[in-house]
Amino acid sequence: MLGAWCLLLVTGNHYPAPFKIANIRNSFSSIPLVLEEFVSFVYILQHDHMNDLSELLLNRRTIRKYSSEVVGDNLLEDLLKAACRTSTTGNMQVYSIIVTRDEVRKRELSPLHFNQKMVTEAPVVLTFCADFNRFNKWCLLNNAQPGYDNFLSFMTAAIDALLAAQTFCVAAESKGLGICYLGTTTYMANKIIEVLKLPSGVVPITTITLGWPAENPGQPDRLPPEAVIHKEVYSDYSDSDIRRFYSEKEGREDSKQFIMENSKTSLAQVFTDVRYKKEDNVYFSKMLLKVLQDQGFMNNEQ
Ligand SMILES: Cc1cc2nc3c(=O)[nH]c(=O)nc-3n(C[C@H](O)[C@H](O)[C@H](O)COP(=O)(O)O)c2cc1C
């Protein structure tokens, strides 16, 4: 009975979940609950939370235009705190987050992100870095010899950094903020290292621009889930699977526009010949490998 009433209370208004839960907690703080009702009460609250989160995840989109409204320090701190709760390898937390709010530094970073306007227009720019520097120092201070100067350790730290970044994004979007990842970070890592003064053992992995949305773009397409999900073992794609999975993407008006504007005959060519070309990939790949060498992640000696 009480559970059903809670359900009404939880689902029947339009307040965001945390507000609803706080309200319910207040309403019942002085009433003793029998165990069964308490369990269903908790279940409903959790379920309601999950629905809200699923909705958020299903409806999200990248935001590249931001209003001039300030992102408050306290809010940013809360989001960063949430990001720092992310699971990491061995709980080592081998990542760092550089917060850039300073206009001059944003202008320094801008060309390193190929002048993407979000860098100077967003109130906050965050650079997530793979970071073994801090952990190595802790080891050395404690008579422990770190063995983290190799490619595997770089991957470990890069994974930690990306997971923290994604947690940050979900937390930010749940507050109504807009984010955009910048993949240019790994292209120009050597120069970003100079601007952000990153020591040995630290490599920038991704950048996020953050602000209050000043646009409401349409949601980009996705491949159908069955294109990316394999049951039990990988089931390789036949030509007809590939055609089927990519047909919706290829049929979109914006895809046709891309093909026409770039004088190509297929959408795939827009990727291979324009957006992510082999010569660019090889060039930036060599630069990144040098960064890993210079930052102390390519030692293969025992
Ligand atoms: C690792 C990564 C790098 C990205 N780099 C850029 C970028 O440099 N510039 C940009 O405008 N968007 C960038 N994006 C955003 C993607 O273009 C965007 O996520 C994708 O088009 C799907 O759109 P949606 O996020 O709105 O669903 C990046 C996204 C990821 C995950």
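Things to note:
- The residues of region 177-195 that are closer than 17 Å to G296 by Cβ and surrounded by fewer than 19 Cβ atoms within 10 Å (Cβ to Cβ), listed by number, are N190, E194.
- Hey, A227 within 20 Å of L57 (Cβ to Cβ) and more than 14 Å from the ligand (Cβ to nearest atom) or not: yes
- Checking I205 against (1) within 16 Å of the ligand (Cβ to nearest atom); (2) over 25 Å from the mean Cα position of the chain (by Cα); (3) not acidic (D, E), the condition it does not meet: (2)
- Those helices (runs of 4 or more DSSP H) of region 80-164 in which at least 3 residues are modelled with pLDDT of 95 or more, of a type outside the set (A, V, I, L, M, F, W, C) and more than 16 Å from the ligand (Cβ to nearest atom), considering only elements entirely within it, cover 103-109, 133-141.
- S200, sole failed condition from (1) small (G, A, S); (2) surrounded by fewer than 11 Cβ atoms within 10 Å (Cβ to Cβ); (3) in contact (Cβ under 8 Å) with a residue 12 or more places away in the chain; (4) more than 12 Å from the ligand (Cβ to nearest atom): (2)
The values are calculated or read from the model by the stated rules, or taken from the named source; none is laboratory data. Predicted model only: the values in this text are computed from it and were never measured. For neighbour counting, all protein chains shown are included, and Cβ atoms are generated from backbone atoms with ideal geometry for every residue, glycine included.
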